[in-house]
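In what follows, a single structure is set out as structure tokens and then discussed.
What follows draws every value from the coordinates through simple rules; no lab data is involved. Predicted, not measured: the structure shown is a model, and the values here were computed from it. Counting neighbours? That spans all protein chains shown, and the Cβs are built from the backbone with ideal geometry, glycine included.
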Amino acid sequence: MEWSYLRFHPSVREAKEFDVSKLTMNFAGYDYHRIRRGNVSLIWPTGGPRDVSGPSPEQIKTVERCLREG
């Protein structure tokens, strides 16, 4: 998954409080999206100067399956 990454938060509470919109301020032109499972977030940008697209639904399902099994 190009342009996507996992962020491991110290706790579930901190994961819930993490504001993905602050990332947009650092990299103008991109919109950031997130799926959270426990204390792990899958984060990806869309748009921007490179016209980046997010992960496919199949790729997201693979990551979610790994997080459930881990």
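What the table below lists for this structure:
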quantity: Hz values of 3J(HN,Hα) by residue in the stretch 36-52 - Karplus curve (6.51, -1.76, 1.60), Gly and Pro given as x; calculated: 10, 10, x, 9, 10, 10, 9, 10, 8, x, 9, x, x, x, 9, 6, 6
quantity: Net charge dipole size for the stretch 5-69 [Lys, Arg +1 and Asp, Glu -1 on Cβ; Debye, nearest 20]; calculated: 200
quantity: Translational D in µm²/s for the chain (Stokes-Einstein at 20 °C, 1.002 mPa s, Kirkwood Rh from C-alpha pairs); calculated: 169
quantity: Long-range amide H partners of ARG37 with built H, under 5 Å; calculated: LEU42
quantity: Inter-label distance for LEU67 and HIS9, nm, one decimal - labels placed 7 Å from Cα along Cα-to-Cβ; calculated: 1.0
quantity: C-alpha long axis of helix 57-69 to longest principal axis of the chain, angle in °; calculated: 30
quantity: Positive-pole candidate from HIS9, PRO55, PRO45, dipole of the stretch 5-69, charges at beta carbon; calculated: HIS9
quantity: Length-normalised contact order of the stretch 5-69 in % [C-alpha pairs under 8 Å, at least 6 apart]; calculated: 29
